[in-house]
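Right, one structure below, let's go through it.
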Amino acid sequence: MKYPEPVQVIKERRDTALGALVGGIPYIGFMGITFERRGDELTAIMPYRGMLVGNPVLPALHGGATAAFLEIAALVELAWSGLWSEIESGAVDVSNLTPETLPRLPKTIDFTVDYLRSGLPRDAYARARVNRSGRRYASVHVEAWQDNRSRLFAQATGHFLMPAPNDG
């Protein structure tokens, strides 16, 4: 009889894989973005830093920083959802995951941001939802909020070109 893996082993495998995925994108570190994982759900967190302010008079987060945050959340969610089944089955040896051994990231075709209100000088959070993911194309929707999840300050929709299977 085969016993299920201990929960801690599964959590460690998931965290290691997410760390390798995020660590392979230097811009994520530059922006200070981190990811909190609960099962297969990721929440992107962009801690407030003065360099993110675009209008010091208001002050408000820079639109480019907001757009970059949303695009990063979408790309990481898309890559994470693609790796999920392999991570869960143990088909991937997460101890050998590096930016070089991970599958290539999707390429952005277009990314449309709706700025719903000014981003305040405080931490921001985002969650992405993959609407469609095929062999060559994916569509992702992202929502960002600060203090209250029901009061979004930005949302975006992105379309991505998926890497060919032999590109990984």
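Worth pointing out:
- Val130, sole failed condition from (1) assigned to a loop (DSSP other than H, G, I, E, B); (2) crowded, with 16+ Cβ neighbours inside 10 Å: (1)
- Residues being under 17 Å from the mean Cα position of the chain (by Cα) and not in a loop (DSSP other than H, G, I, E, B) - total across the stretch 133-151: 9
- If you go through the stretch 97-127 and keep only what is assigned to a strand (DSSP E or B), in contact with a helix residue (DSSP H, G or I) (Cβ under 8 Å, 6 or more places away or on another chain) and either closer than 17 Å to Pro163 by Cβ or not basic (Lys, Arg) (or both), you end up with Thr108, Phe111, Val113, Tyr115, Ala124, Ala126.
- Checklist (1) touching a helix residue (DSSP H, G or I) at 6+ places or on another chain (Cβ under 7 Å); (2) without any contact (Cβ under 8 Å) to a residue 40 or more places away in the chain; (3) among the aliphatic types (A, V, I, L, M) applied to Val94, failing item: (2)
- Qualifying positions in the stretch 20-35 - surrounded by fewer than 14 Cβ atoms within 10 Å (Cβ to Cβ) and in a helix (DSSP H, G or I): Pro26, Tyr27, Gly29, Phe30
- Only one of the numbered conditions (1) touching a residue at least 24 places away in the same chain (Cβ under 8 Å); (2) touching a Pro at 6+ places or on another chain (Cβ under 8 Å); (3) surrounded by fewer than 21 Cβ atoms within 10 Å (Cβ to Cβ) is violated by Ala68, and that is (2).
We did not get these values from a lab; they are worked out from the coordinates using the rules stated. If you're wondering where the values come from, they're calculated on a predicted model, not measured in any experiment. FYI the Cβ positions are ideal-geometry reconstructions off the backbone, even for glycines, and counts take in every protein chain you see.
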